[in-house]
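In what follows, a single structure is set out as structure tokens and then discussed.
The values are calculated or read from the model by the stated rules, or taken from the named source; none is laboratory data. All of these numbers come straight from a predicted model, not from anything done at the bench. Cβ atoms come from the backbone with ideal geometry, glycine included; neighbour counts cover every protein chain shown.
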Amino acid sequence: MSLRPRHFILLAIVIGLFVWNIVRYHRVKTDQQAIPAAPAPVINTAARVNTPAWTAFDLAEDLRDAPDDQFLPAIKSLQDKIAAAPADAATSDVKSCQTWLQFYRQGKLHPGADTTWKNRSERHLTGCVQFHLDTTAQ
């Protein structure tokens with residue numbers, strides 16, 4: 001059987017695709033090795049802020065896995081306390097923590113295959129509860 005010009009073209013395309021996939025594989029492998037490790041956690045030495053908004057946040061956070069009939073009044077109380085608080089850095093931190101609490105709650109109610117949301121939400125909420133500020137936002 002003799003090869004015709006179209007056979008040489010198809011053979012060149014197949015070999016080209018093979019080489020391209022090998023190069024792509026090695027490039028992805030090299031890029032994955034270049035990814036730096038996760039940054040060290042922030043250690044806060046500031047005093048913990050205790051305001052009515054943070055007290056309401058602590059209550060809502062304690063009920064984050066509770067049914068809606070328990071959680072919704074707590075989050076409503078938190079929103080009312082935030083609205084009544086003066087606008088300062090502590091208020092913006094509690095708003096940020098409230099957002100992460102709602103992300104956590106939404107992810108619990110509608111779980112998906114991607115668990116990165118859960119890890120981020122829990123990391124933020126842990127900082128919020130321990131220090132009464134969003135430590136990972138800094």
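Yes/no per residue for (1) under 15 Å from Ala53 (Cβ atoms); (2) among the charged types (D, E, K, R):
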{"site": "Lys95", "(1), (2)": "yes, yes"}
{"site": "Tyr104", "(1), (2)": "no, no"}
{"site": "Lys108", "(1), (2)": "no, yes"}
{"site": "Pro111", "(1), (2)": "no, no"}
{"site": "Asp114", "(1), (2)": "no, yes"}
{"site": "Glu122", "(1), (2)": "no, yes"}
{"site": "Thr126", "(1), (2)": "no, no"}
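From the set of residues in the stretch 108-121 that are in a helix (DSSP H, G or I) and within 11 Å of the chain's Cα centre (by Cα), which is surrounded by the most Cβ atoms within 10 Å (Cβ to Cβ)? Checked the stretch 108-121; the qualifying residue surrounded by the most Cβ atoms within 10 Å (Cβ to Cβ) is Ser121. Close Cβ contacts (under 6 Å, 6 or more residues apart or on different chains) running from residues in the stretch 108-131 that are closer than 22 Å to Val94 by Cα to residues that are among the charged types (D, E, K, R) and modelled with pLDDT of 80 or more comprise Val129/Glu61. For Ala56, indicate whether it is at pLDDT 90 or above and in a helix (DSSP H, G or I). It is true that Ala56 is at pLDDT 90 or above and in a helix (DSSP H, G or I).
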